[in-house]
Every structure is written in structure tokens, then in C-alpha cells.
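S.K.: Structure incoming, see below.
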Amino acid sequence: MIKLAITLSFGPQRKRDYLNHTYAMFFEALGAVAVPVSNVLADPAGYVEALDLDGLILSGGGDIAPALYGAGNTHSDEIAPPRDRTEWALLDWAVERQKPVIGICRGMQVINVYFGGALVQDIPALVPGAVPHADSTHPIALTHAPLAEALGEPALRVNSHHHQGMTAATLAPDLEGLAVSEEDGVIEALWHRALPVLGVQWHPERPSPSAEADRRLIGAWLDGSLWRLRG
């Protein structure tokens with residue numbers, strides 16, 4: 001069984017890390033074990049290396065510190081520097097060893113910032129004509145033709161639980177957008193052009209109108225077949 005590190009939300013008031021049960025259930029159904037990594041470890045990379053883990057899940061949660069992409073804080077909240085530090089260390093570990101990485105919601109945003117991109121700090125306030133992205137569903141178009149063909153879907157309707165995101169103007173140079181909310185240009189999925197790194201802005205582990213396509217997509221990430229679709 002595939003063993004994957006998974007990052008946790010950070011609750012400083014109660015000195016705890018936490019994660020919705022749906023992540024463990026979703027990945028277990030696909031044949032993978034999600035191993036939680038605390039945000040208070042002195043050496044997160046050494047921890048996952050000692051456990052001989054096979055890859056990394058960057059889970060959803062609050063906002064990334066805007067200073068990490070060279071911006072002041074205008075609309076960001078639930079910032080947790082210990083979580084940012086942990087996720088950067090784990091990405092260093094994964095990239096150095098070319099381990100597969102998947103970022104979900106916040107996790108996709110972490111991937112973009114890590115590789116040199118930036119974020120739109122509040123989609124409703126800063127993206128003209130934005131569709132609702134918080135606690136809603138909306139359509140997306142798959143912009144990578146081989147991926148759309150493999151999934152059997154040129155478009156999906158996905159769940160949506162975020163207020164930050166990225167557009168073509170803020171996408172990191174080494175990343176390629178795979179899906180977009182056509183009405184407002186918000187990027188909804190991406191991958192690295194050379195590394196086994198995937199990001200989705202929606203939550204495949206939660207109930208979603210795209211559930212079948214999500215299982216095919218994440219299954220292809222787990223077994224490595226996804227990367228054969230890169231041009």
C-alpha cells in the first residue's frame with residue numbers, strides 16, 4: 001500500500017493540529033495510507049524520510065502568509081507560520097527526491113507559491129465578474145486536451161471552498177494550468193512541467209458532482225500514469 005505524508009491545519013489557540021476524516025477515507029479507498037505530519041516537528045523532512053513515505057498530500061486549510069510571495073496582507077486570514085514552515089520543508093523533501101505531490105485547495109496554492117507564483121488574496125474583491133468560489137459548486141473547463149480525453153470529460157462541475165486562488169498572471173513559470181473557471185479566469189488545476197506535482201483547487205475528498213472523474217484523476221496520480229499525458 002502506498003504511504004503518503006499529509007499536512008495538517010494548525011490551531012494555535014488549542015495547541016493542536018487537525019484534519020477532516022474525509023482525507024483518510026478517500027485515499028484509503030484508492031489504496032493509499034495518509035500519514036499525518038505535525039506542524040511542531042523540528043525536522044518534518046527527517047520524520048517522513050525515517051518513515052520511508054512514498055509521497056506528499058498538501059491538504060486544505062487557511063491562508064498562506066502573503067510575505068512568502070512578496071505581498072502585504074490585504075485579505076488573508078487564518079495564517080499559520082508553523083504550517084507554512086512545515087509544508088515548505090516537506091516540499092523540499094519531495095522535490096529533492098522527485099516524490100509525487102498533490103495539493104488540494106490551499107495545497108494547490110502552496111505549490112504555486114513554492115515554485116515562485118503569487119495568489120489573488122480575495123477572489124470576490126479582486127477578480128472582476130468572479131463566480132462564487134466559497135461553499136458552492138461551479139463549472140470548470142479542462143484546458144489540457146489529453147487529460148480531458150483520459151478523464152472522458154471536457155468539463156466538470158466541482159465543489160468549491162476557497163476565497164483565494166490564482167490566475168494566469170500569478171501562475172508560477174514552471175507550472176501549467178490544466179483547468180479553469182471560464183467565467184472569471186481562476187485556475188482550478190495545475191501540474192509541474194517536469195516534476196510529479198499536481199494541484200486541484202476543489203476538494204476531491206468531499207462530496208462533489210465530479211466524484212467519478214476525481215477518483216480517476218487521483219488514481220492516475222497515485223499509479224503514475226498521469227504523467228504520460230504531459231506533452
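The values are calculated or read from the model by the stated rules, or taken from the named source; none is laboratory data. Keep in mind that this is a model prediction, so the values were computed, not measured. Cβ atoms come from the backbone with ideal geometry, glycine included; neighbour counts cover every protein chain shown. Ligands, DNA and RNA are excluded from the accessible area calculation, which covers all protein heavy atoms including side chains. Shrake-Rupley method; radii C 1.70, N 1.55, O 1.52, S 1.80 Å.
S.K.: For the chain, what is the accessible area per residue in Å², given a 1.4 Å probe and the full set of protein chains?
M.R.: Heavy-atom accessible area per residue stands at 43 Å².
S.K.: Give a residue-ordered list of calculated ³J(HN,Hα) values for segment 129-142 (Karplus: 6.51 cos²θ - 1.76 cosθ + 1.60, θ = phi - 60°; whole Hz; x for Gly, Pro).
M.R.: Result, ordered by residue: x, 5, 7, x, 10, 9, 6, 8, 10, 7, x, 10, 9, 7 Hz.
S.K.: Write down the percent of antiparallel bridges among all DSSP beta bridges whose residues are both part of the chain, to the nearest 5.
M.R.: 55
S.K.: Compute the projected area of the convex hull of the Cα atoms of segment 2-98, averaged over all viewing directions, and report it in nm² to one decimal place.
M.R.: With every direction weighted equally, the projected area is 6.9 nm².
S.K.: Expressed as a rounded percentage, what relative contact order does the chain have, with Cα pairs under 8 Å and six or more residues apart?
M.R.: 18 percent.
S.K.: Charges only on Cβ, +1 for Lys and Arg, -1 for Asp and Glu: so what's the dipole of the chain about the Cα centre, in debye to the nearest 20?
M.R.: Its charge dipole is roughly 320 debye.
S.K.: For THR143, list long-range residues whose amide hydrogen, built 1.01 Å from N in the peptide plane, is under 5 Å from its own amide hydrogen.
M.R.: ALA179, VAL180
S.K.: I would also like to ask the following. Computing the accessible area with a 1.4 Å probe over protein heavy atoms, can you report the carbon and sulfur percentage for the chain?
M.R.: Carbon and sulfur atoms account for 54 percent of the accessible area of the chain.
S.K.: Here's a follow-up. I'd like the Kirkwood hydrodynamic radius of segment 100-176, using the inverse of the mean 1/r over distinct C-alpha pairs, in Å.
M.R.: 13.6
S.K.: Tell me the accessible surface of GLU212 in square angstrom (1.4 angstrom probe, heavy atoms of protein chains only), to the nearest ten.
M.R.: So the heavy atoms of GLU212 present about 110 Å² to solvent.
S.K.: Hey, could you grab the Kirkwood Rh for the chain? Inverse mean 1/r over distinct alpha carbon pairs, Å, one decimal.
M.R.: 17.6
S.K.: Another question about this same structure. How large is ³J(HN,Hα) for each residue in segment 9-14, as worked out from phi by the Karplus curve 6.51 cos²θ - 1.76 cosθ + 1.60 (θ = phi - 60°), to whole Hz, x for Gly and Pro?
M.R.: 6, 10, x, x, 5, 9
S.K.: Here is a follow-up. For the full complex of protein chains and a 1.4 angstrom probe, list VAL40, VAL35, VAL158 by accessible area with the highest value first.
M.R.: Ranked list, largest accessible area first: VAL40, VAL35, VAL158.
S.K.: Solvent-accessible area of THR167, probe 1.4 Å, all protein chains present, reported in Å² to the nearest ten, please.
M.R.: It works out to around 30 Å².
S.K.: Taking the Cα centroid of segment 165-215 and of segment 1-53, what is the distance between the two, rounded to the nearest whole Å?
M.R.: Rounded to whole Å, the Cα centres lie 22 Å apart.
S.K.: Note down the accessible area of LYS99, probe 1.4 Å, to the nearest 10 Å².
M.R.: Here the residue's solvent-accessible area equals roughly 50 Å².
S.K.: Could you compute Rg(Cα) / (2.2 N^0.38 Å) for segment 159-222, with N its residue count?
M.R.: Rg over 2.2 N^0.38 Å, computed on Cα atoms: 1.13.
S.K.: Can you list the HN-Hα couplings for segment 49-61, worked out from phi with the Karplus curve (6.51, -1.76, 1.60; θ = phi - 60°), rounded to whole Hz and with x for Gly and Pro?
M.R.: 5, 5, 7, 6, 7, 9, x, 9, 10, 9, 7, x, x
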